[in-house]
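Just so it is clear, none of the values below were taken in a lab; they were calculated from the coordinates. This one's a predicted model, so the numbers in the text were calculated from it and none came from an experiment. Cβ: placed from backbone, ideal geometry, glycine included. Neighbour counts: every protein chain shown.
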């Protein structure tokens, strides 16, 4: 007859208990993983949403309030390059992005371009500002009121000859040091069809990622040393036929400080 000694039985019991505790710990971490979404802001432009508490709408190059440039038709936000000689610009409130977090912007868009200049897009700026309306600028450009640029995405067509940004008819992602270190990526433009884009920044690695449809590129940008991020959307250009339609935009901040790269 095969027997297991008392000591052996206790060892097996305690081993099983440790294994069970380990499984429970992993389960708790997995549950916590699914609940670490700190902030989510989503706008579907269905007419029932309150935009004024989150977005400051003005004309490009100015922070004077211009809500009339917020044009919503049939559930879509429409950003025209020229609306009575003015270009719409949406600036978000400062969004807290703690160390160890990833901020992600998702949009479903359709872009129509005319024959004139077009360089619409979106950008992220780190800031220590706390107000919805950016403080008056004191630097060499009104952009300084937004904070320090971390990265931007542009849909570019026929830029003026003085412009040094890469490409004539391209989509592009540029890191903060793009001009000094040629730190950018070029994408084939997609016009006239709905497409999803994802633009994110990882505070752990300083990775700036842009995904357009099935195409994805990653750059490394400057580290974040300010507590919040502003999101900028605009439709810069000179042709009234340039149009960015936005079906939805979702901005999320996820705490990933407990994991290094996932």
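Spin-label model, residue 180/residue 240: points 7 Å from Cα along the beta carbon direction are separated by 4.3 nm.
Working note: Cα gyration tensor of region 86-141, eigenvalues times five, square-rooted, sorted largest first, giving semi-axes of 26, 19, 10 Å.
Rounded to 0.05, the FRET efficiency of the residue 48 and residue 193 pair, given R0 = 35 Å and the Cβ-Cβ distance, is 0.80.
Each Cα pair under 8 Å and six or more residues apart adds its sequence gap; the mean of these over the residue count of region 49-125 is a relative contact order of 26 percent. Treat region 102-207 as a sphere of radius equal to its Kirkwood radius over Cα pairs and apply Stokes-Einstein at 25 °C in a medium of 0.890 mPa s; give the translational diffusion coefficient in µm²/s, rounded to a whole number. The diffusion coefficient I find is 159 µm²/s.
Quick one: check the C-alpha center-to-center distance for region 102-162 versus region 184-206, whole angstrom. If we compute the Cα centre of each part, the gap is 14 Å. A simple spin-label model places the labels of residue 148 and residue 130 2.1 nm from each other, with each point 7 Å out along Cα-to-Cβ.
Sorting the Cα pairs of region 148-262 by distance into bins of 10 Å, from 0 upward, gives 11, 42, 35, 10, 1 percent per bin.
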